Amino acid sequence: MTDQRIEITEKFARQRMKNYDSGHDWWHIVRVRKLALFINSAEALTDPFVVDVTALLHDAADSKFAGKSNEQGYIMISDFMEKNGMGEIKNQVLDVIKKVSYSSNYVASNSDDPLLWIIQDADRLDAIGAIGIARAFNYGGFRNNPIYIPGIESESNDKSTIGHFYSKLLKLKDTINTSTGRKIAEERHEILESFLKQFYSEWDFVAYNR
């Protein structure tokens with residue numbers, strides 16, 4: 001039987017994500033949740049209930065979309081957890097939420113909390129592979145960024161979506177914390193590299209005979 005607290009957290013997360021772009025919306029939460037639970041099941045690192053709750057809430061304070069500061073988001077999450085019987089895990093969950101994002105620059109391997117390793121891995125795995133490519137271009141369109149700016153070194157060209165591959169996406173494989181996550185990351189990283197090879201081939205098209 002599903003824990004009622006999980007059902008309540010699902011409803012809270014859905015409400016919080018309703019105005020997020022489609023790369024960071026409820027379906028991103030669903031994917032991260034599946035990845036996190038799979039990693040934890042494979043490695044038996046921590047309480048599955050806490051993994052589930054944290055995966056559901058990991059983006060709920062994101063100020064890019066929530067329309068309020070991250071701090072206000074943390075307070076809202078804290079109040080929600082207190083009111084719904086999760087006060088005993090509130091601090092652990094909030095600590096992970098504050099550190100999980102790539103922009104936080106927090107190195108999870110420096111932590112002794114396996115919950116952070118799992119959630120950070122799951123979140124970063126969703127940013128690479130075929131889903132990661134789709135999300136990158138979706139967010140680039142949301143921000144009205146160019147697809148690619150030729151004539152500028154890609155590594156320094158983060159104003160375009162292709163530049164984003166070099167400034168972030170291609171680096172994620174080497175930041176994964178768990179052995180299960182690393183196996184998934186290897187496959188998804190190869191998809192990024194294959195895509196870029198095909199992209200440049202089409203961009204610099206040279207006619208050839210079939």
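The values are calculated or read from the model by the stated rules, or taken from the named source; none is laboratory data. In this text, all values refer to a predicted model and were calculated from it rather than measured experimentally. Using ideal geometry, Cβ is built from the backbone for each residue, glycine included, and neighbour counts are taken over all protein chains shown.
Hey, any hits in the range 187-197 for a residue that's at pLDDT below 95, polar (S, T, N, Q) and not assigned by TED's automatic domain parsing to the domain that holds Asp21?
Within the range 187-197, none of the residues are at pLDDT below 95, polar (S, T, N, Q) and not assigned by TED's automatic domain parsing to the domain that holds Asp21.
How about the range 17-32: which of its residues are surrounded by fewer than 22 Cβ atoms within 10 Å (Cβ to Cβ) and part of a helix (DSSP H, G or I)?
Of all residues in the range 17-32, those surrounded by fewer than 22 Cβ atoms within 10 Å (Cβ to Cβ) come to 17-28, 30-31.
Within the range 17-32, Met17, Trp26, Trp27, His28, Val30, Arg31 meet the criteria.
What is the number of the single condition among (1) at negative phi; (2) at pLDDT below 95 that Lys34 does not meet?
Lys34 satisfies all of (1) at negative phi; (2) at pLDDT below 95 except (2).
Regarding the range 121-131, can at least one residue be identified that is under 25 Å from Thr54 (Cβ atoms), part of a loop (DSSP other than H, G, I, E, B), acidic (Asp, Glu) and modelled with pLDDT of 95 or more?
Within the range 121-131 (the criterion being under 25 Å from Thr54 (Cβ atoms), part of a loop (DSSP other than H, G, I, E, B), acidic (Asp, Glu) and modelled with pLDDT of 95 or more), the answer is yes, since at least one residue qualifies.
Outside any helix (DSSP H, G or I), at pLDDT below 90 and under 24 Å from Pro48 (Cβ atoms): does that describe Asp112? Before the answer, list the steps.
Details: outside any helix (DSSP H, G or I): yes; at pLDDT below 90: yes; under 24 Å from Pro48 (Cβ atoms): yes.
Considered against the rule, which asks whether it is outside any helix (DSSP H, G or I), at pLDDT below 90 and under 24 Å from Pro48 (Cβ atoms), Asp112 comes out as yes.
How about the range 155-181: which of its residues are of a type outside the set (Val, Ile, Thr), in a loop (DSSP other than H, G, I, E, B) and modelled with pLDDT of 90 or more?
Hits for the range 155-181 are Ser160, Lys168, Asn177.
Could we say that Pro146 is out of contact with any Ser or Thr (no Cβ under 9 Å at 6 or more places or on another chain), over 17 Å from Lys173 (Cβ atoms) and either modelled with pLDDT of 95 or more or in a loop (DSSP other than H, G, I, E, B) (or both) here?
No: the conditions fail for Pro146.
Can we say Ile29 is without any contact (Cβ under 8 Å) to a residue 40 or more places away in the chain and of a type outside the set (Gly, Ala, Ser)?
Working: without any contact (Cβ under 8 Å) to a residue 40 or more places away in the chain: yes; of a type outside the set (Gly, Ala, Ser): yes.
For Ile29, the condition - without any contact (Cβ under 8 Å) to a residue 40 or more places away in the chain and of a type outside the set (Gly, Ala, Ser) - is met.
What pairs come up if the first residue lies in the range 183-201 and is free of Cβ contacts under 8 Å to residues at least 24 places away in the same chain, the second is in a helix (DSSP H, G or I) and surrounded by 15 or more Cβ atoms within 10 Å (Cβ to Cβ), and their beta carbons are under 9 Å apart, counting only those six or more places apart or on different chains?
Short answer, once both residue conditions are applied: Glu186/Lys173; Glu190/Gly129; Glu193/Leu170; Tyr200/Ile162.
Got at least one residue in the range 56-75 being basic (Lys, Arg) and under 28 Å from Arg135 (Cα atoms)?
Scanning the range 56-75, I find at least one residue that is basic (Lys, Arg) and under 28 Å from Arg135 (Cα atoms), so the answer is yes.
Starting from residues that are free of Cβ contacts under 8 Å to residues at least 40 places away in the same chain and not aliphatic (A, V, I, L, M), keep the ones in the range 127-151 and report whichever is farthest from His164 (Cα to Cα).
Among them, the one singled out is Gly151.
Where in the range 46-108 are there helices (runs of 4 or more DSSP H), lying wholly inside it, with at least 3 residues that are modelled with pLDDT of 85 or more and polar (S, T, N, Q)?
none
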